[in-house]
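One structure is given below, encoded as structure tokens.
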Amino acid sequence: MTATGPRTPPVAVVTGGNRGIGLEVCRQLAARGHTVVLTARSPEAARSAAAGLAGDVVPVRLDVTVPSHADELARFLSAEFARVDVLVNNAAIHYDTWQRAASADLDVVREAAETNVYGPWRLAMTLLPLLRASAHPRIVNVSSEGGSLASMGGGTPAYSMTKAALNAVTRMLADELRRDRILVNSICPGWVATDMGGPGGRPVESGAAGIVWAATLPDDGPTGAFFRDGRPVSW
């Protein structure tokens with residue numbers, strides 16, 4: 001909803017929205033009345049996922065590592081909605097349980113950084129004019145307690161390092177964008193039973209709920225913080 005225009009549904013962009021936590025975030029936001037732009041690297045995967053959801057869900061191709069895809073998405077959003085109210089940076093790769101820090105394949109780490117750090121950072125910058133056009137803009141970076149320096153060990157080095165770096169992006173953007181009323185937070189969804197997390201985790205609905213909480217914070221809500229289930233996580 002713009003500050004002066006008619007009431008219209010909030011527009012939420014979700015990366016990696018075709019499965020797992022991203023898909024459930026799309027489901028929950030659509031159920032709350034958002035127009036959800038569900039993005040995935042494959043246009044077919046985006047369309048298939050969107051078709052399975054109720055509400056106003058728009059499938060769009062987006063590989064966050066491809067700058068031209070971000071530019072195309074921005075042009076589409078500008079033409080269709082003239083703003084973005086919520087950006088959920090959910091897309092991520094390489095939960096590298098097979099690696100240790102002292103013997104890590106740095107090519108895997110670099111590849112993870114392209115998706116987990118540079119991708120969301122680039123997309124936030126690309127969509128910034130559209131976020132500034134919103135009356136209630138929110139950026140939610142889906143992180144992990146694995147990226148917490150307070151509890152970090154030597155395992156999953158690509159994933160942990162890139163999530164720590166994403167948390168740094170959260171802090172920097174939150175500080176810079178405070179004057180634009182854009183709330184920027186990192187959210188740990190916890191260990192969730194998904195293709196990436198594997199079996200045994202908690203229900204995907206529970207992990208997604210904390211992300212949706214951050215996406216729908218009131219205007220006086222927190223910014224530049226790290227949460228799980230609405231409670232602070234140590235950086």
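The values are calculated or read from the model by the stated rules, or taken from the named source; none is laboratory data. Fair warning: this is a prediction, and the values are worked out from it, not measured in the lab. Neighbour counts are summed over all protein chains in view; Cβ atoms, including those assigned to glycine, are modelled from backbone coordinates with ideal geometry.
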Count of residues meeting criterion [of a type in the set (A, V, I, L, M, F, W, C) and surrounded by fewer than 22 Cβ atoms within 10 Å (Cβ to Cβ)] in the stretch 154-168: 4
Residue within the stretch 20-27 that is outside any helix (DSSP H, G or I), surrounded by fewer than 24 Cβ atoms within 10 Å (Cβ to Cβ) and touching a residue at least 24 places away in the same chain (Cβ under 8 Å) present: no
Filtered residues of the stretch 164-183 (kept if β-branched (V, I, T) and out of contact with any Lys or Arg (no Cβ under 8 Å at 6 or more places or on another chain)): V169, T170
Tally of residues being over 30 Å from T8 (Cβ atoms) and among the hydrophobic types (A, V, I, L, M, F, W, C) across the stretch 84-137: 12
Output for the stretch 47-63, where each listed residue is assigned to a loop (DSSP other than H, G, I, E, B) and closer than 16 Å to A12 by Cα: L53, A54, G55, D56, L62
Of the criteria (1) more than 20 Å from L128 (Cβ to Cβ); (2) more than 15 Å from the chain's Cα centre (by Cα); (3) at pLDDT 95 or above, which one H34 fails: (1)
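Report those strands (runs of 3 or more DSSP E) wholly inside the stretch 124-235 carrying at least 1 residues which are touching a strand residue (DSSP E or B) at 6+ places or on another chain (Cβ under 7 Å) and among the polar types (S, T, N, Q).
Result: 138-142, 183-187.
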All positions within the stretch 95-123 that are farther than 12 Å from T156 by Cβ and of a type in the set (A, V, I, L, M, F, W, C): A102, L106, A113, V117, W121, L123
Residue that is farthest from A164 (Cα to Cα) [pool: residues in the stretch 79-130 that are surrounded by fewer than 16 Cβ atoms within 10 Å (Cβ to Cβ) and among the aliphatic types (A, V, I, L, M)]: A79
